[in-house]
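Let me begin by presenting the structure, written as structure tokens, before commenting on it.
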Amino acid sequence: MKNKIKNKIWLAVAAAFLMTAPAYADKGEKSDGHHKKGMNFESLDTDGDSMVSRDEFIASHMKRFDTMDTNADGNVSQEEIDAYREAKRAARKEKRAAKEIEEAADSGKE
């Protein structure tokens, strides 16, 4: 029973990694003047030693897993993943809209 739970956790971590691996590849470098690509390396390196340990990496992904597991049953369904992605999209859209409004207001002041 204990191994079954452990296997599910590792499977979930692996799935989360596969969904987000491209985001970590560039260590948060900017792709252009507006959009930041991926997660910031410093946010993964929680102890500040300029390296991301396995524990730091897993902890980061477990936080994401816990966020996706909205019913706290220890599993993430396709519906929970879809809802997580949609929420992230909506947040990005809202942030872009707020930035555009701010930029428009700033350009009107000049």
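The values are calculated or read from the model by the stated rules, or taken from the named source; none is laboratory data. Keep in mind it's a predicted model, so treat the numbers as computed, not measured. Here the Cβ is made from the backbone with ideal geometry for all residues, glycine too, and neighbour counts use every protein chain on show.
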Tyr24 passes all but one of (1) under 30 Å from Glu100 (Cα atoms); (2) modelled with pLDDT of 90 or more; which number fails?
(2)
Which one of these does Trp10 not meet: (1) modelled with pLDDT under 90; (2) within 17 Å of the chain's Cα centre (by Cα); (3) of a type in the set (Phe, Trp, Tyr)?
(2)
If we scan the stretch 65-83, do we find a residue that is of a type in the set (Phe, Trp, Tyr) and not assigned by TED's automatic domain parsing to the domain that holds Ile5?
no
Give the stretch 47-61 a look and list any residue that's of a type in the set (D, E, K, R) and closer than 19 Å to Ile9 by Cβ, or say none.
Arg54, Asp55, Glu56
Taking interchain pairs and intrachain pairs at least six residues apart, which have beta carbon atoms under 7 angstrom, with the first residue in the stretch 75-97 and hydroxyl-bearing (Ser, Thr, Tyr) and the second in a helix (DSSP H, G or I) and surrounded by fewer than 11 Cβ atoms within 10 Å (Cβ to Cβ)?
none
Considering only residues of the stretch 54-74 that are more than 22 Å from Ser43 (Cβ to Cβ) and without any contact (Cβ under 8 Å) to a residue 40 or more places away in the chain, which is surrounded by the fewest Cβ atoms within 10 Å (Cβ to Cβ)?
Ala72
So Ser43, is it among the polar types (S, T, N, Q) and surrounded by 13 or more Cβ atoms within 10 Å (Cβ to Cβ):
no
